[in-house]
Amino acid sequence: MNAIKISEKVYWVGAIDWNIRDFHGYSTLRGTTYNAYLILGPKPVLVDTVKEAFHDEMMSRIKSVINPSDIKIIISNHAEMDHSGSLPAAIKEIKPEEVYASSMGLKNIDLQLHENMHIKTVKTGDSIDIGGDKITFYESRMLHWPDSMVSFLESEGILFSNDIFGMHFASNKIFDDEVPEHEWIYEAVKYYANIIMPYSDIALKFLDFVKTSGLLAKVKIIAPDHGLIWRKNPGRMVELYTKFAAQKPDNKALVVYDTMWGSTGKLAEQVADGLSQCGVRVKLMSLHNVHRSDVATEILDAGAIVLGSPVINSVLFPSLGDILFYLKGLKKKNLVGAAFGSYGWAPAPIDNLTKELQEMKVEVVAPALKVCFVPTEKDLQAALELGKLVGAKLAEKLK
Ligand code: FEO
């Protein structure tokens, strides 16, 4: 397999995972790539490695350009296994003179490999000489792991941004100007929502640093560790991230529900209709058919969420448990909402749905709507009114 040249000195030597469809619980319907980069020069550098199973693919691409044993330096920007998985094999095969990571990177790699890799640590502002050229490091802690950092190749203005600005998108065409935006934009939003959203405050600070420190002005190419390389307009991703991280709510609501015998589904449709009558853009999402990571994607710019669940064995429906767990971790801000559901003889779990929303810091606009077995016309009207209440509160928030 061949490397792909991305600049005078730099080659993409990563791997394409065309068929992965589940990335630790995140649905990756367009596959992904694990991007690694080779910098040529007097002291050739490998920036990041790939998932362990793709080690041979990376080495094959490296061999299409140079003898791997000529690589003198390996940089590990992030110690998650999709990038560090092939690091031990790469170190053994390449035998570099130096391996660099952040201090937390060193700690995490040690904890994963249980083997001394003789890694040197770097911190924000540190630079290394790679033979007439310079790489400068910037730690990006909690974007999205404590060890995360980015590396900047000064002479060519290439920011190796690790997970930041990445997306799960498998493609043999690796540049932003080679793939139409409609093919990748959903994946960019999805990646931010599912991977970076919990750390949005940190992202805003990092983006501010990138803009005000003068770093962005020097960046010509952003080369992340997943998906496309941004060479046409690298500032576009910075703009998108600034928008995403602000979590400014739009006039949009999600009605997320599951249904057992159709009753909660009927209520969900009424809630959605009520929201719609208030002029809200509504997404009706049945957890029977929609993946948790797509709910997360849609919630990024939403201003409201209404959750509906049947009761089974005196608890919430399992798919509601799943989405609540997942969304809690993502810490979406600026939501109003409410809960509803149907039950046979134990209504309390539907009230628990309200409590769960409150724990997620959602501003709950009304007590949960609880309907025994099959909704009557009056119940359906109550669901419509619940949707209107949420819609009215959202409109008030957006003023
Ligand atoms: Fe792509 Fe955090 O690993």
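The values are calculated or read from the model by the stated rules, or taken from the named source; none is laboratory data. Please read all numbers here as calculations on a predicted model, not as lab measurements. Note: ideal-geometry Cβ built from the backbone for every residue, glycine included; neighbour counts use all protein chains shown. Each accessible area value is taken on the protein alone, full model and side chains, heavy atoms only, with ligands, DNA and RNA left out. Shrake-Rupley method; radii C 1.70, N 1.55, O 1.52, S 1.80 Å.
The table that follows gives values for the structure above.
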read-out: Whole-angstrom gap from segment 333-347 to segment 177-222, using each part's C-alpha centre; value: 35
read-out: Rounded accessible area per residue of the chain, 1.4 Å, Å²; value: 41
read-out: Cα-centred dipole magnitude for segment 252-394, charges only on beta-carbon of K, R (+1) and D, E (-1), debye, nearest 20; value: 360
read-out: Exposure of residue 396 as accessible area (Å², to 10), given a probe of 1.4 Å and all protein chains; value: 100
read-out: Packing-based ranking, highest mean first, of 279-292, 158-171 given that Cβ atoms within 10 Å are counted; value: 158-171, 279-292
read-out: Sorted peptide list for 257-267, 352-362, criterion being average Cβ within 10 angstrom, highest first; value: 257-267, 352-362
read-out: Charge tally in the Cβ shell below 9 Å around residue 51, where Lys, Arg are +1 and Asp, Glu are -1, residue 51 excluded; value: -3
read-out: Expected 222 nm ellipticity per residue - DSSP helices of 4 or more, -39500 (n - 2.57), all of the chain, to 500; value: -11000 deg cm²/dmol
read-out: The chain: antiparallel DSSP beta bridges as a percent of all, rounded to 5; value: 40
read-out: Dipole of segment 4-246, positive end: most advanced residue of 206, 117, 33 [Cβ charges, Cα centre]; value: 206
read-out: Where the Cα pairs of the chain fall when distances are cut into 10 Å bins, in %; value: 5, 22, 27, 19, 14, 9, 3, 0
read-out: Cα centroid separation - segment 1-59 against segment 366-388, whole Å; value: 52
read-out: Part-to-part distance (alpha-carbon centres) for segment 73-114 and segment 229-294, which is given in Å; value: 38
read-out: Accessible carbon and sulfur surface of the chain relative to its total accessible area, %, 1.4 Å; value: 54
